[in-house]
Amino acid sequence: MRPRLDSSVFDLPVQELRRGYLSDVYFWRQKVVLERNNIHPDVTMQLFQKKDAIICGVDEAIAVLKVASGFYTDYSRAYTLFDRLMEIKKQSRHSFLSNKQEYIDWVQQKVEVSQELDSLWVNGFSDLKVEALFDGDRISPYETVMLIRGNASLFAHLETIYLGILARRTRIATNVRRVVEAANGKTVLYFPARFDHWAIQGGDGYAAHIGGAAGVSTDAQGEWWGAGASGTIPHALIASLGGDTVRATTLFNQTYPEANLVALVDFDNDCVETSLQCARAMGSKLWGVRLDTSENLVDKSIVPVMGTFKPTGVNPKLIELTRKALDREGFSHVRIVASGGFNPERIAAFEAAGVPVDAYGVGSYLMQGSFDYTADIVHVNGEPLAKFGRKYNANPRLVAI
């Protein structure tokens, strides 16, 4: 059983969550309608999704419930303060580059307004009962993954938030797990940071870890689970050094001697020769070479042997030629990392054919697909009551929070 992450791990926008600022407005309005009319039904909210998947985002969703379930004692005052908080945040962003002292003053005001908002908030999480699966659990279509029981007005405004968290994190974890399983024990490196917004890196990196990725490319992606970033030499460094891959590899090693030295060898579209040049220059220091040939190009070393196979991109023959060339010159310790358009099907085909790849770098595939979650009230005041077609679905695997 995986330990749950502490709520302090997540950098949650607490005031925005409590006010419903990030929620679909109808959920906030539901909360207000219930409270203004003194209606506080005891409900069971049931969460599920419709695919075989690896669940992730559970601990984050629980953290949201912990900090943002509840109510304001004075809504009129809370609205005024929250609007003021949003204005302060805008002004502080504006002054950050132009007037540092003014920025500090705005930050102090932000703290003061947040504290006053806190004084108006009554936390309601202790009045809720939550049962849930664990991040990393394998789930089936329509399986109940979480139950939230208690006064509906305490958490009605949070449905958008916890469903979105689960959908996003489950997508990443499931995609990574599919790649990891296809890789048959080989190392999988998580490389999709450039394909999505920077703000989601922390949670996505954690989801990749849950899915089984062995490494991530940004420090933010490793923050939640205590890992650092790892990465190879970028094409941009090679270009900045006049297209000299060997020099780039040498300088990288001199600057970061503690890092696994992986040379990026496709800059000149001659992976075999460039791999050998780097291996000769670096010897035992060279941990590996990464092949990242564009899917629209044919590597120079492939041209003489073209025939019955698809010659473009990082193909099995290119990997084999690189492996044989390295072994022939005594560089059998140098590992081969393959990247560029890999997905579970392509990796599985490489593994079935015994292609000598040591690690796969996977990027854009890991962001694809959707794993949408649904939340339904299925009990009200102890009696079954649900939207037509939905009903309570007990799950003995759920564990109380």
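The values are calculated or read from the model by the stated rules, or taken from the named source; none is laboratory data. Just so it is clear, the structure is predicted and the values come from calculations on it, not from any experiment. Quick reminder, even Gly has a Cβ in these numbers, built from the backbone with ideal geometry, and neighbours come from all protein chains shown.
Of all the criteria given as (1) over 26 Å from residue 157 (Cβ atoms); (2) among the β-branched types (Val, Ile, Thr); (3) touching a helix residue (DSSP H, G or I) at 6+ places or on another chain (Cβ under 8 Å), the one not satisfied by residue 88 is (1). Criterion applied to 386, 359 was being under 25 Å from residue 34 (Cβ atoms) and surrounded by 14 or more Cβ atoms within 10 Å (Cβ to Cβ), and the one residue passing it is 386.
Scanning the range 207-222 for residues that are in a helix (DSSP H, G or I) and touching a residue at least 24 places away in the same chain (Cβ under 8 Å) gives 207, 208, 210, 211, 221. Checked against (1) free of Cβ contacts under 8 Å to residues at least 60 places away in the same chain; (2) over 30 Å from the mean Cα position of the chain (by Cα); (3) closer than 27 Å to residue 122 by Cβ, residue 63 passes all but a single condition, namely (2). A residue that is among the polar types (S, T, N, Q), under 22 Å from residue 18 (Cβ atoms), surrounded by fewer than 24 Cβ atoms within 10 Å (Cβ to Cβ) and in contact (Cβ under 8 Å) with a residue 12 or more places away in the chain can be found somewhere in the range 148-171. Beta carbons closer than 7 Å, at least 6 apart along the sequence or on distinct chains, pair a first residue in the range 77-99 that is closer than 17 Å to residue 117 by Cβ with a second that is of a type in the set (Ser, Thr, Tyr) for 78/72; 85/114; 92/103. Of all residues in the range 327-345, those satisfying the criterion of being surrounded by fewer than 18 Cβ atoms within 10 Å (Cβ to Cβ) and either of a type in the set (D, E, K, R) or not assigned by TED's automatic domain parsing to the domain that holds residue 234 (or both) are 327, 328, 329, 345.
Here is a yes/no grid of residues against (1) under 30 Å from residue 51 (Cα atoms); (2) in contact with a Ser or Thr (Cβ under 8 Å, 6 or more places away or on another chain):
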| residue | (1), (2) |
| --- | --- |
| 179 | yes, no |
| 199 | yes, no |
| 214 | yes, yes |
| 218 | yes, no |
| 231 | no, yes |
| 239 | no, no |
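Every test in (1) at negative phi; (2) surrounded by 13 or more Cβ atoms within 10 Å (Cβ to Cβ); (3) more than 22 Å from the chain's Cα centre (by Cα) is passed by residue 324 save one, and that test is (2).
For the range 23-79, the set of residues classified as touching a helix residue (DSSP H, G or I) at 6+ places or on another chain (Cβ under 7 Å) and charged (D, E, K, R) consists of 24, 31, 35, 60, 66, 74, 77, listed by residue number.
The rows are residues; the columns are (1) over 17 Å from residue 340 (Cβ atoms); (2) modelled with pLDDT of 95 or more.
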| residue | (1), (2) |
| --- | --- |
| 243 | yes, yes |
| 251 | yes, yes |
| 260 | yes, no |
| 271 | no, yes |
| 287 | yes, yes |
| 302 | no, yes |
| 307 | yes, no |
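Residue by residue, here is whether (1) of a type in the set (Ser, Thr, Tyr); (2) surrounded by 15 or more Cβ atoms within 10 Å (Cβ to Cβ) holds:
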{"position": "5", "(1), (2)": "no, yes"}
{"position": "12", "(1), (2)": "no, yes"}
{"position": "23", "(1), (2)": "yes, yes"}
{"position": "44", "(1), (2)": "yes, yes"}
{"position": "58", "(1), (2)": "no, yes"}
{"position": "64", "(1), (2)": "no, yes"}
{"position": "72", "(1), (2)": "yes, yes"}
{"position": "85", "(1), (2)": "no, yes"}
{"position": "100", "(1), (2)": "no, no"}
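Could you tell me how many of the residues in the range 174-204 are small (Gly, Ala, Ser) and either free of Cβ contacts under 8 Å to residues at least 40 places away in the same chain or not assigned by TED's automatic domain parsing to the domain that holds residue 344 (or both)? Explain how you work it out, then say what you get.
Filtering the range 174-204 for residues small (Gly, Ala, Ser) gives 182-183, 185, 193, 199, 202-203.
Retained after the next criterion (residues that are either free of Cβ contacts under 8 Å to residues at least 40 places away in the same chain or not assigned by TED's automatic domain parsing to the domain that holds residue 344 (or both)): 185, 193, 199.
Total meeting the criteria: 3.
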